[in-house]
Amino acid sequence: MTLIGNWSYPTQIKFGAGRVREIADACNQANIKKPLLITDKGLSDLPITSKTLKLMKEAGLGEAIFSNVDPNPNEKNLAAGITVFTEGNHDGVIAVGGGSGLDLGKLVAFMVGQDRSVWDFEDVSDWWTRAKSDVIFPIVAVPTTAGTGSEVGRASVLTNSVTSEKKIIFHPQILPKVVICDPELTVEMPKAITAGTGLDAFAHCVEAFSSPHYHPMSQGIAVEGMRLVIENLGKVYSDGSNIEARANMMSAALMGATAFQKGLGAIHALSHPIGAMHHTHHGTTNAVCMPAVLRLNELKIRERFDSVSGYLGIKNGFVGFKAFVDEFNASFNIPSQLVGLGVVNPNLEKLIEGALSDPSCGGNPVELTETNVRSLFEEVL
């Protein structure tokens with residue numbers, strides 16, 4: 001089956017194998033005439049980047065690139081990107097990559113015209129209204145992984161290099177104007193990254209589905225996103241060239257990031273400080289944390305998982321779902337504890353503080369306290 005489509009929800013999406021060649025048309029749609037391509041250090045020398053730059057040059061869009069983007073982007077990367085954008089007189093961003101390149105690219109387009117600190121736009125209450133909306137530049141997003149869903153997100157994650165805290169920066173207008181989802185760009189992902197990013201999409205869907213907030217549209221999207229991951233992640237893990245399964249995983253990533261408008265929860269509240277302090281892969285960290293969080297939330301979410309487990313192909317309702325998650329993680333060589341990701345000598349008090357201050361806490365079905373967060377960390381460390 002050939003999976004291809006043009007969608008307008010939640011933004012303009014050009015979906016299908018080979019569609020990166022439409023990058024010039026995407027820029028035209030976004031009214032970008034002099035883009036800055038922003039990607040991470042690991043992608044800057046790979047064929048996808050050189051191919052995109054060639055397509056840009058042929059279309060008269062130049063071939064400007066900024067790639068000083070760390071795996072966990074911080075405010076120093078952001079400042080450097082803003083300088084390159086400003087000095088080059090660019091009028092938009094092409095963000096290429098996984099979560100790092102996409103998040104940093106979106107933030108450069110957002111922050112270049114602001115006169116406040118980026119930390120003033122954390123996803124807290126209505127802080128986003130502090131921003132000057134008329135100086136936010138347009139973004140075209142080209143994801144090269146299938147997990148974060150940042151390409152359809154209205155937020156970016158940025159690490160504070162001084163405090164080692166990950167902060168969620170939010171504004172509705174950093175949602176990219178156009179997204180190109182080309183599954184061919186994901187076929188070279190190593191197995192570990194394929195698994196980690198796919199499990200990130202799974203965590204987004206699981207937490208959105210578990211969130212107590214009212215958002216029926218997100219609830220339905222989260223269920224289908226879970227199903228797509230369950231049915232396709234194993235396929236792409238064993239055969240990275242399976243384009244149909246890669247396409248389904250890209251769809252699952254889009255769905256997870258769209259669904260978590262409903263809320264995230266303790267999985268991400270734990271994962272963010274761990275990643276900031278120990279530089280672990282975000283999606284893999286989520287996977288390690290998921291079983292403990294499911295147990296914490298069981299009384300609040302058991303009934304809703306009982307109602308959809310059959311559709312997901314899982315027997316015995318929530319009990320079966322918990323067992324499935326353990327087996328699913330094991331099939332991708334995900335360790336059961338964070339020490340398996342290299343987390344040693346953790347500062348437990350600092351991790352607890354970081355988790356409790358994370359905006360994701362608000363979407364957890366069970367209220368997070370110092371006591372139960374401590375128990376969660378003790379279980380996964």
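For the list (1) surrounded by 14 or more Cβ atoms within 10 Å (Cβ to Cβ); (2) in contact (Cβ under 8 Å) with a residue 60 or more places away in the chain, I need the number of the one condition that Thr285 fails.
Thr285 satisfies all of (1) surrounded by 14 or more Cβ atoms within 10 Å (Cβ to Cβ); (2) in contact (Cβ under 8 Å) with a residue 60 or more places away in the chain except (2).
Across segment 11-43, which residue is nearest to Pro138 (Cα to Cα) among those that are in contact with a Phe, Trp or Tyr (Cβ under 9 Å, 6 or more places away or on another chain) and part of a loop (DSSP other than H, G, I, E, B)?
Ile32
Just to be sure before I move on: is Thr285 β-branched (Val, Ile, Thr), within 22 Å of the chain's Cα centre (by Cα), in a loop (DSSP other than H, G, I, E, B) and outside the structural domain of Ser164 (by TED's automatic domain parsing) in the structure I sent?
No; evaluated as a whole, the condition is false for this residue.
Name the helices (runs of 4 or more DSSP H) wholly inside segment 166-271 in which the number of residues that are more than 20 Å from Leu312 (Cβ to Cβ) is 2 or more.
Because the criterion is at least 2 residues that are more than 20 Å from Leu312 (Cβ to Cβ), the helices (runs of 4 or more DSSP H) in segment 166-271 that meet it are 191-210, 243-259.
For segment 19-42, does any single residue satisfy the condition of being free of Cβ contacts under 8 Å to residues at least 60 places away in the same chain and of a type in the set (Val, Ile, Thr)? Outline the logic, then answer.
To start, the set of residues in segment 19-42 that are free of Cβ contacts under 8 Å to residues at least 60 places away in the same chain comprises 21, 24-25, 28, 33-34, 37, 41-42.
Then keep just the ones that are of a type in the set (Val, Ile, Thr); that gives none.
No, segment 19-42 contains no residue that is free of Cβ contacts under 8 Å to residues at least 60 places away in the same chain and of a type in the set (Val, Ile, Thr).
Take segment 108-159 and flag every residue that is among the aromatic types (Phe, Trp, Tyr), under 20 Å from Gln29 (Cα atoms) and under 19 Å from the mean Cα position of the chain (by Cα).
Phe110
Give Leu104, Leu61, Leu78 a once-over and let me know the one that is in the same structural domain as Ser156 (by TED's automatic domain parsing), part of a loop (DSSP other than H, G, I, E, B) and of a type outside the set (Phe, Trp, Tyr). Full working, then the answer.
Details: Leu104 fails: part of a loop (DSSP other than H, G, I, E, B); Leu78 fails: part of a loop (DSSP other than H, G, I, E, B).
Selected residue: Leu61, the only one of Leu104, Leu61, Leu78 that is in the same structural domain as Ser156 (by TED's automatic domain parsing), part of a loop (DSSP other than H, G, I, E, B) and of a type outside the set (Phe, Trp, Tyr).
Among Gly320, Gly342, Gly363, which is outside the structural domain of Trp119 (by TED's automatic domain parsing), touching a His at 6+ places or on another chain (Cβ under 9 Å) and more than 12 Å from Ala269 (Cα to Cα)?
Being outside the structural domain of Trp119 (by TED's automatic domain parsing), touching a His at 6+ places or on another chain (Cβ under 9 Å) and more than 12 Å from Ala269 (Cα to Cα) holds for just one of Gly320, Gly342, Gly363, which is Gly342.
How about segment 186-214: which of its residues are more than 30 Å from Phe321 (Cα to Cα) and touching a Lys or Arg at 6+ places or on another chain (Cβ under 9 Å)?
None; the set is empty.
So, in segment 326-374, how many residues would count as being in a loop (DSSP other than H, G, I, E, B) and charged (D, E, K, R)?
2
If you check Val84, Val108, Val96, which single one turns out to be surrounded by 24 or more Cβ atoms within 10 Å (Cβ to Cβ), farther than 20 Å from Asp120 by Cα and not small (Gly, Ala, Ser)?
Val96
Of the numbered conditions (1) surrounded by fewer than 17 Cβ atoms within 10 Å (Cβ to Cβ); (2) in contact (Cβ under 8 Å) with a residue 24 or more places away in the chain; (3) in a loop (DSSP other than H, G, I, E, B), Trp119 fails exactly one; give the number of that condition.
(3)
The values are calculated or read from the model by the stated rules, or taken from the named source; none is laboratory data. All values derive from a computational prediction rather than experimental measurement. Here Cβ is always computed from backbone atoms with ideal geometry, including for glycine, and neighbour counts include all displayed protein chains.
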